[in-house]
Amino acid sequence: PKIYTNLSSRKVLVMEWVDGVRLHDARAIQAMGFEKARFVNTLVQCSMRQILENGFFHADPHAGNLLAMSNGKLCYLDFGMVSYAAPAQRYSMIEAVVHMVNRDFYALAMLYQKMGFIPAHVKIDPIVAAFVKALPDVLNSAVGDFNFRNVMAKLGDVMYKFPFSLPPFYIAIIRCLGVLEGLALQVDKDFRIIRATYPFIASRLLTDPSDELQRALQHYLFEEDGQLRWDRLRDLLQEATVVGDYDISVAADQLIAHLASESGRGLRELLAAEAVETLDALETETLRFLLKCIDEYALSSPVGLVKLIILSEGRLNVMLNTLTDRLLDEIETTTAQDSSLRSARS
């Protein structure tokens, strides 16, 4: 709502009157021509932007503090409980998700110590062992299926046993996410807060130029031996497209920058080896048509090919199938009498 600063003071906040219905009133929302799920999704995405992008967030977004408006917008009320997370703290939250996905509990404990949750003099080995024992059961699923409450319950057990000191912003974020998931579960019993926020996290990992998130992205995408986890890259690209202001070209440029860097040497060598192996398996005639098609795609360099693959937004299989069909059609037209090629197509 609009704030009337001339009528407000340190103790009184005066805002405009907003007409709407409570988020738990499903009938009234349907009477306006909307589904409750629409507003819940808006709530989750907006809250995640507040926490991870702006840093200033409403820490108590329960149904009584929200109004569904007739124009389809969502209104937050009662700003008595708000909090702020600094950029480094916001980056650390995303890094923590990455470490949990990777089951890298040593890195998770080190991150908590860097954030000040664990005193610098405390040895983290016993904490790492406790994470290893407590978390695998609740993390034994895809990232989008993490049960936030179960994960936080297990983390809470470990934090209670060891000298953790949680800052107010972290407690506020945990409360906020817990309230969001509880509200959303009333609409969808299979709702998972991490699944709902994963597209936004994916877009930040792929496009944020900060050193912290670039390290987190590389940690998420690359094995210890430098090999790229193609399935994770595909998932990130597909998930991030859900976010309205996500720019896929930024993600492409950042991945290409990594390929061109010294730290990307291992991946470049891997891609080169795979390319040579694939080209060796092609017949001369097929390779000739492949190069012709690549030229038709106006790719002036291998970097262009990589960029085209990334810009396909994860639909690599569709692109390759289309290219393969074009190749085979051309081969069939020009060498219809070649039985070996017809056999290869079958």
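Under 20 °C and 1.002 mPa s, how fast does the stretch 172-233 diffuse according to Stokes-Einstein, given a Kirkwood radius computed over C-alpha pairs? Answer in µm²/s, whole number. Value of D from the Cα-based Kirkwood radius: 157 µm²/s. Size descriptors for the stretch 1-84 (Cα atoms only): Rg and Dmax, in that order, 13.7, 39 Å. The three principal axes of the C-alpha atoms in the stretch 79-134 carry coordinate ranges of 40, 27, 19 Å, sorted with the longest axis first. Each peptide in 4-13, 160-169, 228-237, 193-202 gets a packing score, the mean of other Cβ atoms within 10 Å over its residues, and the list from highest to lowest is 193-202, 228-237, 160-169, 4-13. Placing unit charges on the Cβ atoms only, positive for Lys and Arg and negative for Asp and Glu, gives the stretch 1-138 a dipole magnitude near 140 debye about its Cα centre. In terms of the mean number of neighbouring beta-carbon atoms within 10 Å, the peptides 50-56, 24-30 order highest first as 50-56, 24-30.
If I take R0 = 45 Å and measure r between the Cβ atoms of GLU16 and SER210 in this structure, what FRET efficiency does the formula 1/(1 + (r/R0)^6) give, to the nearest 0.05? It comes to 0.80.
Are there GluC sites (Glu not before Pro) in the stretch 207-242 that DSSP marks as loop and that have at most 13 other Cβ atoms within 10 Å, and which are they? Qualifying residues, ordered by number: GLU223, GLU224.
As an exercise, use a Förster radius of 22 Å and the Cβ-Cβ distance of LEU166 and GLU53 to find the FRET efficiency, rounded to the nearest 0.05. It comes to 0.50. Within the accessible area of the stretch 1-74, the carbon and sulfur atoms contribute 52%, probe 1.4 Å, all protein chains present. Checking the Cα-Cα distances for LYS11/LYS73; LYS36/LYS189; LYS2/LYS36; LYS154/LYS189; LYS133/LYS189 against a 19 Å cut-off, the pairs over it are LYS11/LYS73; LYS2/LYS36; LYS154/LYS189; LYS133/LYS189. Rounded to 0.05, the FRET efficiency of the GLU223 and SER8 pair, given R0 = 41 Å and the Cβ-Cβ distance, is 0.15.
The values are calculated or read from the model by the stated rules, or taken from the named source; none is laboratory data. The structure presented is a predicted model; accordingly, all values stated were derived computationally and were not measured. Glycine also receives a Cβ, built like all others from the backbone with ideal geometry; neighbour counts cover every protein chain displayed. Please note that ligands, DNA and RNA were not included when accessible areas were found on the heavy atoms of the full protein model with its side chains. Shrake-Rupley method; radii C 1.70, N 1.55, O 1.52, S 1.80 Å.
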